[in-house]
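A.B. asks: This is the structure, below, for whatever I ask next.
Values in this text are rule-based calculations from the coordinates and carry no lab data. Keep in mind the model is a prediction, meaning the values are calculated, not measured. Neighbour counts are summed over all protein chains in view; Cβ atoms, including those assigned to glycine, are modelled from backbone coordinates with ideal geometry.
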Amino acid sequence: MIITRAQLNNYRSYASCELAPCEGVNVLLGDNGQGKTNVLEALYVCCTGRSHRTRQDRELIRWGEDFASVKVEAQRRDGSHEVEILMPAMGRRRIKIAGQEISRSGELMGHVTGVLFSPEDLRTVKDGPAERRRFVDMALSQIKPAYYYALQRYARALKQRNEALKAVAAQPAFMATLDAWDEQLATAGAELMRHRRAYVEQLSRTASETHRDIADGREKLEIRYLPSVTMGDDAQSNLEALFGARENDVRRMTTTVGAHRDDVQILVEGRDVRAFGSQGQQRTAALSMRLSELDVMREQLGEWPMLMLDDVMSELDPGRRRQLVSHLKGIQTFITCTDAEDLAGAEVGRTWRVENGALREA
C-alpha cells in the first residue's frame, strides 16, 4: 500500500498542510515541538480511527477552530482508496470512504493500513496488560474488520453485564438477568480469544527472527498469549468461567474473567522483559514487535502497510539503527527526527522541514 497524498486542515498545529510522499522513505525534519508527530498521528487516525495519544477528538482540533479534517489517498493492489475524517468541535465525527459517508466505524478498517512506532511504545512492554491488549487489538482490527466488530460487541456486553452485577448486588432477585449477558459476552469473547491466540503465535515466530537480527543474535525473544479463560477458546468454556466467577463478580460488582483480562507476555532469554529487562532490552523488544507487526500484516493482507517511525532513531544505538534501516527496503516509511545524521545509511526519497506547524520541502 502506498499513500499518494495527504491533507490536514485545522489539525493540531496545522492550519493547512498537504504532502505528496514518495514510495520510499519520507522524512519530517525539525526541532521538537514544531508539529512533526502531528502528521504521523493524522495518518494513523486514518488507519485505525483513533489517535495513539488521545481519545478526545477535541484535542485534535487546532486552537480556536470549529473542526479538523484529515484526508488520505492511497493506492492498494485492488485500486485507489480514499479516507476522509471530519472532526467537529460539537457533534459526532464523520468518516467518508471514497467520498461516501459510512455509518459504522468498522467500515474504515482496511482501507489505509499502517504501523506506528513511537516512544510511547515502551508502554506496551513496561505498563500493564491493557497496553498489550491494545497493541493486539489495533493490529487485528486493521487486518480483520470482523475482529473490530467482535471487539465492539464484547465491550457492549461487558458494560451491560457490569451494570447487571450492580443491580444484583442491590437486589438478588435480578440474578437471572445475568444469563443473557453471560451468553453474549462468552460468544464475543471466544471469537476475540481465537484471533488473539493465532495472531500472537504468528507474531512471536516473526518477532523472534526480527529480534535476533536487531540484537545481533545475542538474545532470544518470545511472545506468549496469556488468556484469562484457560479452559479453552470456545464460547462454552467462556460461559463456564463466567458462571464460576459469578458469586465473586456480584460481590465485587465487576466482571473478573474474560477477554478484557487477557495479557501478552514478552520474554527475552526466558525472562519477563517487563520485570527483568533493561531499558535497552525493553526498547529493542518493542521495536521488534512493531517490525514484526509489519511483517504479519503483509502476510495477511498480501502487501506492505506503511511504516511510521516517530522520533525513534535517536533512541537507538548505531548498530540497532543500521538494523532498522535495513528493514525499510520496499516499504513506504515516514520518519520524524531532529537530526539528519540519525538517518545515516537510509535511502531518503523526500524530506520536509517542519517549523511552526508548516511544511517546506527540503
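A.B. asks: If you place +1 on the Cβ of every Lys and Arg, -1 on the Cβ of every Asp and Glu, and leave all else neutral, what size is the dipole of segment 54-93 about its Cα centre, to the nearest 20 Debye?
C.D. replies: Details: 8 positive and 8 negative charges, 34 e Å.
Here segment 54-93 has a charge dipole of around 160 debye.
A.B. asks: Treating only the Cβ atoms of Lys and Arg (+1) and Asp and Glu (-1) as charged, compute the dipole magnitude of the chain about its Cα centre; round to the nearest 20 debye.
C.D. replies: Charge dipole, the chain, about its Cα centre: 620 debye, nearest 20.
A.B. asks: Still on this model: Just the number: Rg to Rh for segment 89-128, Cα atoms, Kirkwood Rh, two decimals.
C.D. replies: 1.15
A.B. asks: Going down the table (Lys126/Lys159; Lys144/Lys166; Lys36/Lys329; Lys96/Lys159), which pairs top 25 Å between alpha carbons?
C.D. replies: Lys126/Lys159; Lys144/Lys166; Lys96/Lys159
A.B. asks: For segment 169-195 and segment 91-145, write down the distance between their C-alpha centroids in whole Å.
C.D. replies: Distance between centres, Cα-based: 26 Å.
A.B. asks: Report for the chain the percent antiparallel among DSSP-assigned beta bridges with both residues inside it, nearest 5.
C.D. replies: Values: 41 of 59 bridges.
Percent antiparallel among DSSP bridges in the chain is about 70.
A.B. asks: Would you calculate, for the chain, the mean residue ellipticity at 222 nm contributed by helices, counting each DSSP H stretch of 4 or more residues as -39,500 (n - 2.57) and dividing by all residues, to the nearest 500?
C.D. replies: -13500 deg cm²/dmol
A.B. asks: How about segment 273-362: which trypsin sites (Lys or Arg not before Pro) there lie in a loop by DSSP and see at most 14 other Cβ atoms within 10 Å?
C.D. replies: Taking segment 273-362 and a limit of 14 other Cβ atoms within 10 Å, the loop trypsin sites (Lys or Arg not before Pro) found are Lys329.
A.B. asks: Tell me, how many Å apart are the Cα centres for segment 4-60 and for segment 319-359?
C.D. replies: Answer, in whole Å: 16.
A.B. asks: Something else now. By what distance, in whole Å, do the Cα atoms of segment 14-144 stretch along each of the three principal axes, largest value first?
C.D. replies: The Cα atoms of segment 14-144 stretch 40, 36, 36 Å along the principal axes, largest first.
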